[in-house]
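Single-structure report; data block below.
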Amino acid sequence: MPKPRVTVAPAPVAAQTEQSAQDAAPPVSYEAALGELEALVARLESGELPLDQLLAGYQRGSGLLQFCRDKLQAVEDQIKVLDGDALKVWKPQ
């Protein structure tokens, strides 16, 4: 007697793929990256994400953090160039 065939409906891959692609896209600015990073940290700390999403969130957060660090370093390097290679203490007026 042949075994019955079991058909499993696929998960909504399109929605997952679209979200993954959006998450993998580089941020458009430091402020956008920082905002996404803050929201991501809140979701990670909530304890409500499944394990696979925790890992993906951690990886995205790591990338966002590096993006922010790189942007800040670029600004600091530009300030050094403008101030003659020495960072000066900024005094608000």
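Select from segment 25-65 the residues that are assigned to a loop (DSSP other than H, G, I, E, B) and within 20 Å of V75 (Cα to Cα) and list them in ascending order. Those that are assigned to a loop (DSSP other than H, G, I, E, B) and within 20 Å of V75 (Cα to Cα): P26, P27, V28, S29.
Among the residues of segment 49-68, the one identified as loosely packed, with under 12 Cβ neighbours inside 10 Å and of a type in the set (D, E, K, R) is D52. Looking at S46, S20 in this structure, which one is out of contact with any Leu (no Cβ under 6 Å at 6 or more places or on another chain), surrounded by 10 or more Cβ atoms within 10 Å (Cβ to Cβ), at pLDDT 55 or above and hydroxyl-bearing (S, T, Y)? Within the list S46, S20, the selection yields S20. In the set (1) modelled with pLDDT under 90; (2) in a loop (DSSP other than H, G, I, E, B), the condition left unmet by D77 is number (2).
The values are calculated or read from the model by the stated rules, or taken from the named source; none is laboratory data. Just so you know, these numbers come straight off a predicted model, no measurement behind them. When we count neighbours, we look across all protein chains shown, and the Cβ atoms used for this are built from the backbone with ideal geometry, even at glycine.
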